[in-house]
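The values are calculated or read from the model by the stated rules, or taken from the named source; none is laboratory data. What you are looking at is a predicted structure, and each value in this text was computed from that prediction instead of being measured. When we count neighbours, we look across all protein chains shown, and the Cβ atoms used for this are built from the backbone with ideal geometry, even at glycine.
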Amino acid sequence: MEIREYIDGHGRSPFGRWCDGLDVRAANRVRTALARMEAGNLSNTKGVGRGVLERRIHAGPGYRVYFGRDGNTLIVLLGGGTKARQQRDIE
C-alpha cells in the first residue's frame, strides 16, 4: 500500500507536526506501525466514523494514527494522537 500524508491548505501536515513532537522511542514505534501498514498489515485498525480509521499502537499512552483509504492502494495519513485524546482527535 502507498502511504501519503494529508497536507492542509496552508501546506502543513497535521500528522507530521504530531510525529515531530514525539520522543525517539515513540516515533520509532509509529514508524514501525507505518511500515507494517505499507506492507498491507492493517491489524490493530478499526473504523472511528465518517470514513476515518485508526491504527492502535500498544505502547506508551496508547498512540493512534488516523487515516482514510482511497481504494485498495492508498492510505492518507490524517493525524495522530493518544488514547486520552482519542475523541477530540476524531472530531
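Within segment 67-76, take every residue that is closer than 12 Å to Met37 by Cβ and modelled with pLDDT of 85 or more and give me the one that is surrounded by the fewest Cβ atoms within 10 Å (Cβ to Cβ).
Arg69
Condition check: under 20 Å from Asp23 (Cβ atoms), surrounded by 14 or more Cβ atoms within 10 Å (Cβ to Cβ) and more than 12 Å from the chain's Cα centre (by Cα). Does Ala33 satisfy that?
no
Does any residue in segment 44-68 that is touching a residue at least 24 places away in the same chain (Cβ under 8 Å) and of a type in the set (A, V, I, L, M, F, W, C) come within less than 7 Å, Cβ to Cβ, of a residue that is surrounded by 15 or more Cβ atoms within 10 Å (Cβ to Cβ) and assigned to a loop (DSSP other than H, G, I, E, B) six or more places away or on a different chain, and which pairs are these?
Listed pairs, sorted by first residue: none to list.
Quick one: how many residues across segment 49-66 are modelled with pLDDT of 90 or more and among the hydrophobic types (A, V, I, L, M, F, W, C)?
3
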